[in-house]
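For reference, the structure discussed in these notes is given below.
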């Protein structure tokens, strides 16, 4: 896939870039950084489409987003030469789904998320790291339904809560990094899992 090839090329370029005032976090040091990439999630569009079909008795087609952009500025504090703590704030773009029945009903829904995370990070010699921690996050949602006669209805809501996260990645000696973090049950919604594939830098 083209996206996968771009990711591989980006990883190679990051690893090969020389040190330029960036650095891995050392014991007792505080570093600032930012990660950016894609958040992959399943918003349950297939189940929603089936529910609409069951309610209307009409064939329902649908389209939906599988990923959106995500950014995460963070602070890293070195505890030992191998262990550090990360504290971040993440924010995503919209994940949208659209539905249409053969009888003319249309519907749409949109979700976005934001939150704070805290994790312990262990870095092996060579730059590979793993982390685990918690996130406090919120999901905001909006929905719109339009009947074939033009009648419309809208609804909105949100959910929030605390859950876990795990991640793996690679960080060069200069502070450039690439990784993947799995956020379990974003907004404390069951099965609302986000996977963030990112590149970033630590200053």
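The values are calculated or read from the model by the stated rules, or taken from the named source; none is laboratory data. Everything numeric in this text was worked out from a predicted model, so none of it was measured. No Cβ is skipped: glycine too gets one built from the backbone with ideal geometry, and neighbour counts run over all protein chains shown.
Quick notes on this one:
- All of 36, 97, 102, 107 fail the test of being at pLDDT 90 or above and under 17 Å from residue 183 (Cβ atoms), apart from 36.
- Among the residues of segment 82-94, at least one is modelled with pLDDT under 95 and either surrounded by fewer than 19 Cβ atoms within 10 Å (Cβ to Cβ) or more than 22 Å from residue 195 (Cα to Cα) (or both).
- The one condition from (1) at negative phi; (2) in contact (Cβ under 8 Å) with a residue 12 or more places away in the chain that residue 127 does not meet is (1).
- Subset of segment 158-190 that is modelled with pLDDT of 95 or more and exposed (fewer than 14 other Cβ atoms within 10 Å of the Cβ) - its residue that is farthest from residue 203 (Cα to Cα): 162
- Filtered residue count, segment 135-159, keeping only those that are closer than 15 Å to residue 194 by Cβ and out of contact with any strand residue (DSSP E or B) (no Cβ under 6 Å at 6 or more places or on another chain): 0
- So residue 198, is it over 12 Å from the mean Cα position of the chain (by Cα) and either surrounded by 12 or more Cβ atoms within 10 Å (Cβ to Cβ) or closer than 17 Å to residue 72 by Cα (or both): no
- Among the residues of segment 187-200, those identified as within 17 Å of residue 131 (Cβ to Cβ) and in contact with a strand residue (DSSP E or B) (Cβ under 6 Å, 6 or more places away or on another chain) are 194, 195, 196, 197, 198, 199, 200.
- Looking across 107, 113, one residue alone is in contact (Cβ under 8 Å) with a residue 60 or more places away in the chain, touching a helix residue (DSSP H, G or I) at 6+ places or on another chain (Cβ under 8 Å) and buried (at least 20 other Cβ atoms within 10 Å of the Cβ). It is 113.
- Yes/no for residue 22 being buried (at least 16 other Cβ atoms within 10 Å of the Cβ), modelled with pLDDT under 70, in contact with a strand residue (DSSP E or B) (Cβ under 8 Å, 6 or more places away or on another chain) and more than 30 Å from residue 143 (Cα to Cα): yes
- With respect to the conditions (1) part of a strand (DSSP E or B); (2) modelled with pLDDT under 90, residue 11 lacks only one, and its number is (1).
- Output for segment 192-203, where each listed residue is farther than 10 Å from residue 41 by Cβ and not in a strand (DSSP E or B): 203
- Residues of segment 161-173 satisfying the condition of being more than 23 Å from residue 193 (Cα to Cα) and in contact with a helix residue (DSSP H, G or I) (Cβ under 9 Å, 6 or more places away or on another chain): 172
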